[in-house]
Structures are given as C-alpha cells and as structure tokens.
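Okay, structure first, notes after.
The values are calculated or read from the model by the stated rules, or taken from the named source; none is laboratory data. Predicted model only: the values in this text are computed from it and were never measured. Neighbour counts are summed over all protein chains in view; Cβ atoms, including those assigned to glycine, are modelled from backbone coordinates with ideal geometry.
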Amino acid sequence: MKEENKSQRADKTLEQWKDRQALGKRLGKIKHKILVMSGKGGVGKSTVATNIAFALSEKGFKVGLMDVDIHGPNIPKMLGIEWGQVGGKEGNLQPVFHSPNLKVMSIGFFLRQESDAVIWRGPLKMNLIKQFIRDVDWGELDYLIADSPPGTGDEPLSVCQLIEKADGALIVTTPQEVALTDIRKAVTFCRRVNMPILGIIENMSGFICPHCGKRTDLFKCGGGKRVAEEAGEPFLGSIPIDPLVVEACDEGIPALSKKPDSEVAKAFKDIVKIIIKKTKEEVSTKSAPGKEEK
C-alpha cells in the first residue's frame with residue numbers, strides 16, 4: 001500500500017511538472033498578461049475588457065481575449081462572434097478570430113444554445129481555465145486580456161495562480177458606495193495573491209445627454225478615484241454612460257467601432273494609452289493598410 005501511494009504521488013508530481021512546463025511554454029510567447037476584474041457584478045467589466053482588447057488590436061498589437069467568466073460568457077456576443085467555431089490542430093485548440101489582430105476564447109463557443117447553463121464547482125473551473133491557457137494556440141501575443149467574473153472567487157484566483165508573472169489587474173467599479181465597498185475587497189484580494197494593480201477604472205460615471213450635452217451623475221461620480229487615492233493605487237479614468245454602449249453590445253460591435261468620436265470612445269482610448277505606457281510596449285505589427293494610428 002505504501003509503495004502504491006508513493007507511486008501515485010510521483011505520478012501526480014510528474015503531471016504537475018508537465019503542466020508547469022506546458023503553461024510556461026505557452027505564456028512565454030505572450031509579452032503582457034492583464035486580468036480585468038471587479039468586486040461586484042453589473043459594473044460593465046466585460047464591456048471594459050472587450051473595448052480595451054479591441055482598442056489594443058486596432059493599434060496594431062496582437063491581442064488575445066480570454067473569457068473566464070464561465071457562468072456568464074458574454075464576450076462572444078459583444079464581439080458578434082457568438083457562433084464562432086473552436087478548431088483543433090496538432091492537439092491544440094484554435095481560438096476564434098474577431099480580426100487578424102484579435103483572438104478570442106470563451107466557454108460560450110462550446111454551448112449548444114445561449115440558454116445553456118454551466119453548473120460547475122471550483123475544480124472543474126480551474127481545469128478549464130488551465131486548458132484555456134495551456135491548450136489554446138494563442139501564438140505570439142503582445143497582450144492577453146483575461147476577463148474574469150465578479151468577485152474574488154475561483155476564477156480570478158485561478159488566473160493569478162496559473163499566470164505567475166502577470167503585468168497586473170485592471171479593477172472596474174461604478175461610483176456608488178455599494179460598488180466602492182466591494183472594490184476595496186478586490187484591492188485586498190490582489191495584494192494577498194501578489195497581483196500588481198495596473199489601476200482602477202470608474203465605469204458608468206455620469207450620463208451625458210446626447211441632445212443638450214448636459215451631464216447628470218446618475219450614480220454619483222468620483223468614487224473610483226477616491227478609492228484609488230485611499231488605496232494608493234493608480235486611477236486610470238472614468239467612462240461615462242452612453243446608450244450607444246448598450247446598442248453596440250447587443251449588435252456585437254465594440255463601442256469604439258460603433259462611434260469612434262463619442263465621449264465613451266475617447267475615454268477608452270485615453271485608458272488604453274495609459275495601459276500601453278505602463279507596460280512600456282511598442283507596436284510589434286503594422287496597422288492595416290490605410291488605417292491611421294489612434
């Protein structure tokens with residue numbers, strides 16, 4: 001019995017070593033890894049992740065968008081690729097392309113219909129996230145953006161454990177106090193798991209009337225910046241409320257693409273500039289012909 005247990009432990013250790021080697025090999029081809037998270041749901045985290053990934057790809061960067069919100073995989077719908085097919089080649093999963101510079105992986109591609117529910121416990125979710133990193137042929141990437149579900153549970157913890165040298169987390173919040181309380185927990189989470197914080201983003205920060213241009217603070221304003229200052233973390237910017245964001249998500253078009261001159265688009269572009277500066281990245285691929293750098 002003792003010899004059998006010893007053999008099982010050895011097999012498990014060997015399997016873990018192989019896993020680490022495979023993960024390291026895959027991650028070694030990705031320059032920058034960023035986790036997008038929030039302390040609570042309903043703050044527009046997936047919208048932020050989608051538009052940041054899209055904006056980076058439009059600047060010529062090679063970007064991977066990994067949707068690890070296993071119970072609410074909205075990324076494919078937001079990009080209009082919900083019926084995309086995940087291929088297989090030489091034992092690797094092939095991500096779905098949104099554009100030549102933007103690859104996407106989500107459990108949403110594996111569901112037979114949109115109403116299917118994923119009813120899984122922690123270990124299954126951990127294994128899926130590991131597969132999304134280890135077994136997906138991401139290729140050479142400038143950025144891998146991981147969109148996690150709300151809170152500080154299995155999924156963001158798994159990403160932190162599997163991607164040991166991540167550049168950091170982008171924490172998304174809204175201005176009202178109930179959201180700010182949860183965002184403080186997200187800051188604490190990052191510190192406990194040694195995940196650097198790239199910055200805090202305040203979403204739904206004021207409504208700008210499309211007719212008169214007057215601003216109305218539906219959910220207060222400035223709370224995200226205040227929490228960032230209290231925590232001693234960078235504040236990356238505020239994104240206003242705009243009906244075009246809802247329309248764009250429903251139509252499967254990034255808000256940046258639907259109305260590039262909107263206040264929302266400008267806010268995202270400013271935030272992306274800060275992210276690029278923080279990661280000290282340079283464009284590694286040329287933009288599409290005729291497309292100007294934004």
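Highlighted here are the helices (runs of 4 or more DSSP H) found entirely within segment 220-278 that include at least 3 residues which are surrounded by fewer than 20 Cβ atoms within 10 Å (Cβ to Cβ), out of contact with any helix residue (DSSP H, G or I) (no Cβ under 6 Å at 6 or more places or on another chain) and not β-branched (Val, Ile, Thr): 223-231, 243-251.
Just name the residue that is farthest from ASP154 (Cα to Cα) out of those in segment 172-204 that are among the aliphatic types (A, V, I, L, M) and in contact with a Cys (Cβ under 6 Å, 6 or more places away or on another chain). Of everything passing the filter in segment 172-204, ILE197 is farthest from ASP154 (Cα to Cα). Could you check, for segment 179-187, whether at least one of its residues is assigned to a helix (DSSP H, G or I), acidic (Asp, Glu) and under 30 Å from GLU114 (Cα atoms)? The answer is yes, given that some residue of segment 179-187 is assigned to a helix (DSSP H, G or I), acidic (Asp, Glu) and under 30 Å from GLU114 (Cα atoms).
The rows are residues; the columns are (1) touching a Leu at 6+ places or on another chain (Cβ under 6 Å); (2) of a type outside the set (A, V, I, L, M, F, W, C).
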{"position": "ASN101", "(1), (2)": "no, yes"}
{"position": "VAL104", "(1), (2)": "yes, no"}
{"position": "ASP116", "(1), (2)": "no, yes"}
{"position": "PRO123", "(1), (2)": "no, yes"}
{"position": "MET126", "(1), (2)": "no, no"}
{"position": "LEU144", "(1), (2)": "no, no"}
{"position": "VAL178", "(1), (2)": "no, no"}
{"position": "THR188", "(1), (2)": "no, yes"}
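Taking segment 127-167 as the range and being part of a helix (DSSP H, G or I) and of a type in the set (Lys, Arg) as the test, the residues that pass are LYS130, ARG134. Looking across segment 135-164, the residues that are of a type outside the set (A, V, I, L, M), surrounded by fewer than 21 Cβ atoms within 10 Å (Cβ to Cβ) and modelled with pLDDT of 95 or more come down to ASP135, ASP137, GLY139, GLU140. Residues of segment 1-43 that are at pLDDT below 90, basic (Lys, Arg) and either surrounded by fewer than 17 Cβ atoms within 10 Å (Cβ to Cβ) or farther than 27 Å from ASP69 by Cα (or both): LYS2, LYS6, ARG9, LYS12, LYS18, ARG20. Looking across segment 115-126 at every residue that is loosely packed, with under 11 Cβ neighbours inside 10 Å and not aliphatic (A, V, I, L, M), the one that is nearest to ARG26 (Cα to Cα) is identified as PRO123. Across segment 206-219, which residue is modelled with the highest pLDDT among those that are touching a Pro at 6+ places or on another chain (Cβ under 6 Å) and either in a strand (DSSP E or B) or closer than 16 Å to GLY39 by Cα (or both)? Per the stated criteria, the residue is GLY206.
Put simply, of GLY108, GLY88, GLY139 the only residue that is in contact (Cβ under 8 Å) with a residue 60 or more places away in the chain and in contact with a strand residue (DSSP E or B) (Cβ under 8 Å, 6 or more places away or on another chain) is GLY139. The set of residues from segment 35-65 being touching a Ser or Thr at 6+ places or on another chain (Cβ under 8 Å) and assigned to a strand (DSSP E or B) comprises LEU35, VAL36, MET37, SER38, VAL63, LEU65. Only residues that are surrounded by fewer than 18 Cβ atoms within 10 Å (Cβ to Cβ) and β-branched (Val, Ile, Thr) were counted in segment 81-104, giving 1.
Would you check if ILE81 is closer than 20 Å to LEU244 by Cα, assigned to a loop (DSSP other than H, G, I, E, B), in contact (Cβ under 8 Å) with a residue 40 or more places away in the chain and of a type outside the set (D, E, K, R)? Yes: the conditions hold for ILE81.
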